[in-house]
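Have a look at the structure below before the remarks.
The values are calculated or read from the model by the stated rules, or taken from the named source; none is laboratory data. The model shown is predicted, which means the values in this text are computed figures rather than measured ones. Virtual Cβ from ideal backbone geometry, glycine too; neighbours counted across all protein chains shown.
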């Protein structure tokens, strides 16, 4: 089989349909179903629930989704109130998210998004958005909470002779979409290197209760499934060919704030190893989110004493390849491979090496409570803000406007071994404090948050009562410009009658947020 | 072996030390360690971390704990600043909790309490209290977050010839306490019927990561452990004999409000069965908390179409025996058997029957995320209040004063199959609404709460965006006297600039609570 590498692939977003893809559909039954994207989307009717592939920048259908956005826009332009409910893995590619949101035909979106146009529609009340734990999606859809799934649109990299599907750069909820959808549209993307085959581990052992059995995975590298998706060919109504790249951006170098946060995290790991609470050399499997801070932490691990680390998370980015190549990381499991073009080139050129160090799983497994608890994950996630008692807001700016969503942070935080939240101590050039008296939206409760880290320092609140937590969080994590006001709040709250286990002054609890809404800054003296 | 039944046992709280207990300590090595409770507590020094048995009313050491309270009180009376850190399973017997709190020598209490004196000390800032998920306790203590455990005090019902321990009426964290404590005091309580032997299943397969393996439990009735605790005899410093009953109160008959809530729950189950989302006849394993509402729901199941139900929860109360006897429940797993004397009498008289239908496990297993997810638990827990978007406050009255603690509600809610919260729509003779604009403390987030039930009705918010949730919660669950004000709040919040995904008016979000603090009622027109 011809194995195209990145050097032979078209430039980003360029489409060369049909050139190399013929070899990817090796089953005659499926070849007979090849149609254009425009023909394929005719299977989608107003009112349908449509489940599409995609997790972060990886694996969104490249041609059918834009065609679907067109399909919706044209129908609505002609006076038809055409809407669909849209289910995905997590976010989908930014362009796709924007096109679909602009078409104004998404009635309900689930379970995650991270794009400005979609965010705007949601915050304007024009798009219903259900923001749930990523590990809960598959079981909830299977169970029927979101009704019948009419159409699945799933990107794959190929179809085998026997009619099984070779997954693309993300797995996400694709197994579930293929299992439950009445009609299936496959988009076969020959941009994905053939060499990707075999990187996936698709587990077919999940079930609805009372038929569940233990998931026999005890190490990050264990394979418990098969390399391909099963699909009922009778439900495949269309196959669309494409050859278009994913759209991950190259990582930027960590800034000083991110490096400071990473430094505190690495010091904490060293402290925990010295205390005998983490294994030396290998720690425990790491989960970290996407973004500057997460990348800085991962980059910092290269300079530490660690060898043979493991990662069990949602997304693998370019930085992970370097960690694997230099031996810092032994194995990384995720549900999406969100590599830049340069990253993919590196991956493909050394596929025989990386294949032994990377696996992509369904998000039901990458985020599964059973596995997260068993492996003892060290969960590191970003946040918008934390309050002085350790409650974390990950999703709602000023308590009302959604940013992205909770994603998998709750899956890893609640069931993991160590739960850490990382953020710069201020945002918007210092106008917003990330440490506030009370968060106006709680995504992670005081019962779940163990360590808070900003560039100022690290607050380890394990085993501390709320009154002790507040002092540690303010002293270690708050920006110095906000500390006095936070201390004053706590002092007065503790002195109030009936102060209680968790002292608050309810009339002032949101004073930082109300001041920001009123004046554009949380600072009492903006000239400061 | 002599098998005392309740009819031969002394009356409640009466102590007849040494009468029947000689036969309970069948190992000579342990018999040589028999001392009085007063002698035993001398092993406890100021600054120690002391872990004691007990879960709800079941299995608290009856003689050593009061002696410990005396020990602390005398030391403090003589000018010594004697304090200990106290770790338990959950709450301990109310009398024990009160004695220890009154002694004023508990520096830190973990992980749960439910008694007025202790609550008062905590809310006054005189006792540090760490309120964590019950499934997290064992691993966190083992890992050393709470420092070295100096002394364990564990009630058992006997010691075998080979030196293993026969558990009492609760298992709780006892396995962990026996594993980690430097010194161990055993209290052998011959009030516990010999017939209890074999009801327990003590699992020895847990470990710290990276050494964890799947827990091979796939049905509520599976036995995966052994009937007794292991103990290192070298660490057992004292054995105290006692013959004192647990102190569970008989259940009271459900009131009209509880029955109305139960009715809505049962209607919901029928609806879910009809929709094919729950198995007919057997549903899925039920978890329910303690109290009037939970009891009403369980009682109501007897009148429904269900046969062969299972329960997987923390505590078995009297009502469960009737459900088992009449075939409604096939099997109940828990970590504590909190029976009244009449209940225990019924249990012992028919022990050969009940032994096949009841098992007691460590709370690490009764609440384990892996098992809760696998079995597909239907979680039903009480709450103090819910907000219009589905966030639940289980612990903090008016956001500051602790009531009891989160207990296991988070273990079952996050990882279970269906998460339901139950409460009367008002408290304090109607002065407090259980549905508020925003809860001032979040124990269960909007991502985790699926169904809210009051006597007014049931709000099924699965798959609903926040703006849809608020209407359903107000209409279905709020007391009619509060609905207009709640609707008005939502209307104005949604109309505000930048209303967002979750509309709120931060300046008014706690208006119900602030009014209560100011006027003693949440009602705008108290004469209403």
Top-ranked residue in the range B:196-218 [being surrounded by fewer than 19 Cβ atoms within 10 Å (Cβ to Cβ) and touching a residue at least 12 places away in the same chain (Cβ under 8 Å); ranked as nearest to the other protein chains (Cβ to nearest Cβ)]:
B:214
If we scan the range A:83-90, do we find a residue that is out of contact with any strand residue (DSSP E or B) (no Cβ under 7 Å at 6 or more places or on another chain) and assigned by the TED database to the domain that holds residue A:47?
no
Collect the residues in the range B:232-255 that are part of a helix (DSSP H, G or I) and free of Cβ contacts under 8 Å to residues at least 40 places away in the same chain, keeping them in residue-number order.
B:234
Would you point out which residue out of A:171, A:149 is touching a helix residue (DSSP H, G or I) at 6+ places or on another chain (Cβ under 8 Å), at pLDDT 95 or above, under 22 Å from residue A:83 (Cα atoms) and outside the structural domain of residue A:407 (by the TED database)?
A:149
Taking residue A:446, is it in contact with a helix residue (DSSP H, G or I) (Cβ under 8 Å, 6 or more places away or on another chain) and within 14 Å of chain B (Cβ to nearest Cβ)?
yes
Between A:280, A:275, which is surrounded by fewer than 17 Cβ atoms within 10 Å (Cβ to Cβ), under 20 Å from residue A:329 (Cα atoms) and within 14 Å of chain B (Cβ to nearest Cβ)?
A:280
Against the definition (touching a strand residue (DSSP E or B) at 6+ places or on another chain (Cβ under 6 Å), on the phi < 0 side of the Ramachandran plot and in a helix (DSSP H, G or I)), how does residue A:453 come out, yes or no?
no
Out of curiosity, is residue B:504 at the interface with another protein chain (Cβ under 7 Å from one of its Cβ atoms), surrounded by 19 or more Cβ atoms within 10 Å (Cβ to Cβ), touching a helix residue (DSSP H, G or I) at 6+ places or on another chain (Cβ under 7 Å) and farther than 26 Å from residue A:507 by Cβ?
no
Please indicate, with yes or no, whether at least one residue in the range A:486-497 is over 33 Å from the mean Cα position of the chain (by Cα), assigned by the TED database to the domain that holds residue A:437 and within 17 Å of residue A:385 (Cβ to Cβ).
yes
Enumerate the pairs (first residue in the range A:461-476 and away from chain B (no Cβ under 13 Å) and at pLDDT 95 or above; second residue anywhere and part of a helix (DSSP H, G or I) and crowded, with 19+ Cβ neighbours inside 10 Å) with beta-carbon separation below 8 Å, excluding pairs fewer than 6 apart on the same chain, so at least 6 apart or on different chains.
A:474/A:486; A:474/A:490
Within the range B:394-408, of all residues that are at the interface with chain A (Cβ under 7 Å from one of its Cβ atoms) and not in a loop (DSSP other than H, G, I, E, B), the one nearest to residue A:135 (Cα to Cα) is B:396
Could you please let me know if residue B:423 is over 23 Å from residue A:505 (Cβ atoms) and modelled with pLDDT of 95 or more?
yes
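Each row is one residue, and each column tells you yes or no for (1) under 22 Å from residue B:483 (Cα atoms); (2) within 14 Å of chain A (Cβ to nearest Cβ); (3) outside any loop (DSSP other than H, G, I, E, B).
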| position | (1), (2), (3) |
| --- | --- |
| B:380 | no, no, yes |
| B:389 | yes, yes, no |
| B:410 | no, yes, yes |
| B:413 | no, yes, yes |
| B:440 | yes, yes, no |
Hits in the range A:110-164 - residues which are in contact with a strand residue (DSSP E or B) (Cβ under 8 Å, 6 or more places away or on another chain), touching a residue at least 40 places away in the same chain (Cβ under 8 Å) and farther than 30 Å from residue A:25 by Cα
A:111, A:113, A:119, A:122, A:123, A:129, A:131, A:132, A:146, A:147
Exactly one of (1) within 14 Å of chain B (Cβ to nearest Cβ); (2) surrounded by 24 or more Cβ atoms within 10 Å (Cβ to Cβ); (3) under 17 Å from residue A:64 (Cβ atoms) is unmet by residue A:130. Its number?
(3)
Go through the range A:277-314 and report how many residues are out of contact with any helix residue (DSSP H, G or I) (no Cβ under 9 Å at 6 or more places or on another chain) and modelled with pLDDT of 95 or more.
2
